[in-house]
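S.K.: What follows is a single structure, and I will ask about it in a moment.
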Amino acid sequence: MNKGHSEHTVDIPGEFYSFSSGALFDHCIDCDKYLLEKDTEYFIEKAIRQYEGYKVRDVIFEYAICFECADRVRREMSVESIQNVENFFMENVDMSRRMEIMMENPGNPQEWISHCLLKETSMNELGEFQLYAQCRGDKMEMGQMPYMISGAALEEIQHLLSSRTLDELNGFMDRHFGPPPDLMELLPSRRVVLI
Ligand SMILES: [Zn+2]
């Protein structure tokens, strides 16, 4: 994850608003830090499920997390897991295609998330996916993020993680969202945080 500043920012689009409040995320899920100060950097992750005809959407989980807490979570992951995920991204992201989308749509985050970063599947064809963004205050940075990852790709990523890393991520999820209801046990990608 590149955490450098991006020169280019846009207003945070509705896709990245909190589904539960209908407004911008304003606090870090872990330390409760206020996020909408001008220079406060944070990430947003949302897991979304689409139904029948894809007209109805549910948010499986969503949160914003400040850089400091995201770093801490990441440090708890095993080096091997992080390396595996980074290799997977390097092998599967079509960088020239990605650059093309970024250059052609510099101020249009919807285009950046319209297809799975790893598999190029269109969002319209997906039953489940996750959205990732890097924000600063009330702006979204158009840099390495935003991107979308399909449920199928998340499932593959899950298999690249060590059991220690999975335990850490499960702990994070349980702490903030409680133990998974039966339905969510069927969703392997629930367990991937901030890859
Ligand atoms: Zn925090």
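Read-outs throughout are calculated quantities, based only on the coordinates presented, and are distinct from any laboratory measurement. Quick caveat, the model's predicted, so the values are computed rather than measured. Reconstructed Cβ throughout: ideal geometry from the backbone, glycine too, with neighbour counts over all protein chains shown.
S.K.: Per-residue counts of other Cβ atoms within 10 Å, averaged by peptide: what ranking do you get for 149-156, 90-97, highest first?
M.R.: Ranked by mean Cβ neighbours within 10 Å, highest first: 149-156, 90-97.
S.K.: Hey, another quick one. Between GLU52 and GLU111, what is 0.36 nm times their sequence separation minus the Cα-Cα distance? Round to one decimal in nm.
M.R.: This chain segment gains 18.9 nm when fully extended.
S.K.: Once label points are set 7 Å from the Cα along Cα→Cβ at both ASP11 and ASN124, what is their separation, rounded to one decimal in nm?
M.R.: Between ASP11 and ASN124, the simple spin-label model gives 2.6 nm.
S.K.: Follow-up question, since we're still on this one. For the range 9-187, what proportion of DSSP beta bridges, expressed in % and rounded to the nearest 5, is antiparallel?
M.R.: For the range 9-187, the DSSP antiparallel bridge percentage is about 95.
S.K.: Also, quick follow-up: Multiplying the sequence separation of ASN92 and SER163 by 0.36 nm and subtracting their Cα-Cα distance, what value in nm do you get?
M.R.: Contour length minus the Cα-Cα distance gives 23.3 nm.
S.K.: Which whole-number percent is the relative contact order of the range 9-187 (Cα, under 8 Å, 6+ apart)?
M.R.: Rounded, it is 27 percent for the range 9-187.
S.K.: If the chain between GLU37 and ASN170 were fully stretched, how many nm would it gain, using 0.36 nm times the residue separation less the Cα-Cα distance?
M.R.: Gain on stretching GLU37 to ASN170: 44.9 nm.
S.K.: Let me ask you something else. Tell me what the chain gives for mean residue ellipticity at 222 nm when only DSSP H runs of n ≥ 4 count, each as -39,500 (n - 2.57), the sum divided by the residue total, rounded to 500 deg cm²/dmol.
M.R.: Counting only the DSSP helices, I get -9500 deg cm²/dmol.
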